[in-house]
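Here is the structure we will look at, set down as structure tokens.
Read-outs throughout are calculated quantities, based only on the coordinates presented, and are distinct from any laboratory measurement. All figures in this text were calculated on a predicted structure; none of them were measured in a lab. Ideal geometry is used to build each Cβ from the backbone, glycine not excepted, and the neighbour counts take in all protein chains shown.
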Amino acid sequence: MHTHSAHLMAQFMSPIINHQIDKYGGGLDSRLRFALESIQAIKTSVGNDFPLLFRYAVDAFADGGRGLAESQVVAQSANHSHGTPNPRGDQENYRQY
């Protein structure tokens, strides 16, 4: 799953972009909901033996963006709650978009 570089799922996860007031916006748990629901749907469809990689931006390098502390929660949520081993973090800069 590619949740990086201003792709749709990255936009849901970003505190800079996601200003929704429904169950998919607000705090981190809500902003992660779309990604975690997608992981669960994929796992349900293909089974737990099918490899699923999760790539996301660790640091947005922008005021109000996700930093290391929040990214650790993202990795733990993807890994522990939904069995996605070794989520891959990367760097991102929203100022380029």
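Taking K and R as +1 and D and E as -1, what net charge do the other residues with C-beta under 13 Å from the C-beta of Leu36 add up to? Let's see the in-between values first.
Values: positive: Lys23, Arg31, Arg33, Lys43; negative: Asp29, Glu37.
Net local charge, Leu36 excluded: +2.
The spacing between segment 45-66 and segment 4-36, judged by their C-alpha centroids, is 12 Å. Spin-label model, Ile16 to Val73: label points 7 Å out along the Cα-to-beta-carbon direction sit 1.9 nm apart. Report the FRET efficiency, 1/(1 + (r/R0)^6), for Tyr24 and His2, where r is their Cβ-Cβ distance and R0 is 22 Å, rounded to 0.05. Between Tyr24 and His2 the formula returns 0.75. Taking amide H as placed 1.01 Å from N in the peptide plane, the amide H of His4 sits under 5 Å from that of Ala10, each at least 5 places away or on another chain.
Placing a pseudo-label 7 Å from each Cα along the Cα-to-Cβ vector at Asp59 and Ile42 gives an inter-label distance of 2.6 nm.
Karplus-based coupling profile of segment 18-30, in residue order and whole Hz: 7, 10, 5, 10, 9, 6, 9, x, x, x, 4, 4, 6, with θ = phi - 60° in 6.51 cos²θ - 1.76 cosθ + 1.60 and x standing for Gly or Pro.
Going by how many other Cβ atoms sit within 10 Å of their own, how do Ile16, Ile21 line up, fewest first? Intermediate results must be reported in sequence, preceding the final value.
Details: Ile16 16, Ile21 8.
Ordered by Cβ neighbours within 10 Å, fewest first: Ile21, Ile16.
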